[in-house]
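Asker: Handing you this structure, nothing more for now.
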Amino acid sequence: MDKSQILKEIIESRKSTFPRDYTGEGLAPEVLKAILDSAQFVPNHKRTRPWRFRVFTGAQKDELGATLAGIYRDTTPPAVFLQKKYEDIPAKAGKAGAIISISVAFSGLVPEWEEIAAVAMGVQNMYLTCTAANVGCYWSSPGLIKYLDGYLGLAENEKCYGLFYLGALKSELDEI
């Protein structure tokens with residue numbers, strides 16, 4: 001099979017897979033590195049390299065899940081607060097093998113949309129690399145991310161655009 005056919009197959013089979021379908025196991029460091037490295041091979045005008053990815057694994061991932069749950073609790077009016085959602089937030093983080101925060105650093109050298117587009121293309125490369133490696137993934141952009149800039153230590157010119165959940169996939173035999 002030539003390279004274009006392989007690429008076509010990977011593109012056509014790319015999909016979002018949610019943590020409920022992950023095993024909860026960690027990812028091999030070399031797989032996680034390959035996924036992150038793929039995000040850097042995208043066009044970015046004036047070579048601003050606007051992507052800011054932060055990887056959460058192990059206890060850091062669990063802390064992120066607890067932080068998100070706390071933000072939900074603290075920012076949700078009691079009339080619409082759902083205990084199940086509050087409990088599901090850290091559980092979802094716990095099922096992931098890793099979580100990567102997706103942020104953009106705006107350089108002021110090019111229009112903001114170009115830097116957002118570069119980061120989005122980087123995430124697409126991560127999706128494709130996950131597909132090729134049989135790793136589940138999805139880009140989540142819950143309303144809670146608007147409260148994460150301080151937690152992530154983002155600079156004034158940076159903004160979080162989501163969380164990329166990754167995980168080893170359950171086999172179909174696991175579900176029988």
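The values are calculated or read from the model by the stated rules, or taken from the named source; none is laboratory data. Being a predicted model, the structure only gives us computed values, none of them experimental. Remember, those area values only see protein heavy atoms, side chains included, never the ligands or the DNA or RNA. Shrake-Rupley method; radii C 1.70, N 1.55, O 1.52, S 1.80 Å.
Asker: Can I get the semi-axes of the range 1-43's equivalent ellipsoid? Compute them from the C-alpha gyration tensor as square roots of 5 times the eigenvalues, in angstrom, largest first.
Answerer: Equivalent-ellipsoid dimensions as semi-axes: 23, 17, 11 Å.
Asker: Identify which of E30, E158, E87 has the largest mean-square fluctuation in a Gaussian network model of the chain, with springs joining Cα atoms closer than 10 Å.
Answerer: Maximum fluctuation in the GNM of the chain, among the listed residues, is at E30.
Asker: Convex hull over the Cα atoms of the range 1-78, averaged projected area in nm²?
Answerer: If I average the Cα hull's projected area over directions, I get 9.2 nm².
Asker: What's the carbon and sulfur percent of the chain's accessible surface, probe 1.4 angstrom, rounded to a whole number?
Answerer: 55
Asker: Given the C-alpha centroids of the range 35-49 and the range 53-123, what is the distance between them in whole angstrom?
Answerer: 21
Asker: Specify which labelled value, from (1) 141; (2) 164; (3) 118, agrees with volume of the Cα convex hull per residue in Å³ derived from the coordinates of the model shown.
Answerer: (1)
Asker: Let me ask something else about it. Starting from the coordinates of the alpha-carbon atoms of the range 81-125, obtain the Kirkwood hydrodynamic radius over all distinct pairs and give the value in Å to one decimal.
Answerer: 13.2
Asker: Connecting C-alpha atoms closer than 10 Å in a GNM of the chain, tell me which of W139, W113, W51 has the biggest fluctuation.
Answerer: W113
Asker: I've got another one for you. For the range 75-176, just list the percent of Cα-Cα distances falling in each 10 Å bin from zero outward, please.
Answerer: 13, 36, 32, 16, 3, 0
Asker: Next up: As a quick test, which of the pairs K61/K85; K15/K85; K15/K61; K92/K146 have an alpha carbon distance above 21 angstrom in this structure?
Answerer: K15/K85; K15/K61
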